[in-house]
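Structure, as structure tokens:
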Amino acid sequence: DLNLPLVRVDDAFDRIWANLVDKGGQVRARARYAGDNSELGYTTTGVAGYQKLLGVVANRRVLVDDASLPAVYGTDVQTFGKTGWVSVPEPAGVPFRLVLNDLTQKTFLSSLPGDPGFANSFDQMVTWQVQGSKDLHYVIAWEDRVIKSVTVDDKGGIKCDGANCDFNDYVFELKLIKPIPEPSTWALMGLGLVGAAFAVRRTPSAKRVG
């Protein structure tokens, strides 16, 4: 429904974010496929520092920002109304975590899995980067029920305990904000690059044929 060219962002790189412009990072709601009453926010510290960015009306219908969709799909689809872009009121470069506040379940979910004080130890959101945009531009989608465990079957299928892992319970756009890899992620990247360089150095030179 978004009609945007999207490329998936690796889960290790969407946990911590920062504005590119002083108080200029922006978010807006695009869709919501959930019965829970949830709102989107962020924190620079922890649960106690949570600040709301986008609220949502509580109902069990699909909410979208496209006024033409209800006419196509009927009364099961409703519009958010004029949500527009909302600024993240932080100076450029200050790291923050995105937060889904599920008011029905009374749980706070962080974009940083295992964030102290939050309900989730697993990753609760997926991120795509919009290709061809003049600004850094992302689409992010949340799973609103707490994932208790994840198993993978022999065919690569993923099953979540405690949640259905459909990752469509709150979909929003984000721009003029960039992800900041955690130090542990940078360390893994460094090890990967070193390993790749070592493998290249150990690879025998190709022999000329003929």
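The values are calculated or read from the model by the stated rules, or taken from the named source; none is laboratory data. Values in this document were obtained by computation on a predicted structure and should not be read as measured data. Note that we place each Cβ from the backbone using ideal geometry, even for glycine, and neighbour counts take in every protein chain shown. Note: areas computed on protein heavy atoms with side chains; ligands, DNA, RNA excluded. Shrake-Rupley method; radii C 1.70, N 1.55, O 1.52, S 1.80 Å.
Take the Cα pairs of the stretch 1-150, get the Kirkwood Rh, then feed it into Stokes-Einstein at 20 °C and 1.002 mPa s and tell me D in µm²/s. Translational diffusion coefficient: 132 µm²/s. If you take all other residues with their beta carbon under 10 Å from the beta carbon of Leu98, and give Lys and Arg +1 and Asp and Glu -1, the sum is +1. Note on Val152 and Val94: the model spin-label points, each 7 Å out from Cα along the C-beta direction, lie 3.8 nm apart.
Computed from backbone phi with θ = phi - 60° and the Karplus coefficients 6.51, -1.76 and 1.60, the 3J(HN,Hα) list for the stretch 103-114 is 6, 6, 7, 6, 10, 10, 10, 9, 5, 9, x, x Hz; x is used for glycine and proline.
What FRET efficiency do you get for Ala48 and Leu103 if R0 is 22 Å and r is their Cβ-Cβ distance, rounded to the nearest 0.05?
On the way: r = 17 Å, r/R0 = 0.78.
After rounding, the FRET efficiency stands at 0.80.
Shown in residue order for the stretch 156-161 are the 3J(HN,Hα) couplings computed by the Karplus curve 6.51 cos²θ - 1.76 cosθ + 1.60 at θ = phi - 60°: x, x, 10, 10, 10, 8 Hz (x for Gly and Pro). Split the accessible area of the stretch 18-75 by element, probe 1.4 Å, and carbon with sulfur accounts for 50%. With respect to the cross-link table entries Lys134/Lys155; Lys52/Lys134; Lys155/Lys175; Lys23/Lys159; Lys23/Lys148; Lys52/Lys178, which display a Cα-Cα separation exceeding 29 Å? Violating the 29 Å Cα-Cα cut-off are Lys134/Lys155; Lys155/Lys175; Lys23/Lys159; Lys23/Lys148. Panel values: the stretch 58-118, Kirkwood radius from alpha carbon pairs, Stokes-Einstein at 10 °C and 1.306 mPa s, translational diffusion coefficient 108 µm²/s.
If a/c stays under 1.5 just call it rounded; otherwise compare a/b with b/c (prolate if a/b is bigger, oblate if not). Do that for the stretch 1-79, with a ≥ b ≥ c from the square roots of the Cα gyration tensor eigenvalues. If you can, show how the numbers build up before the last one.
Numbers: a/c = 2.21, a/b = 1.54, b/c = 1.43.
Note, shape of the stretch 1-79 comes out prolate.
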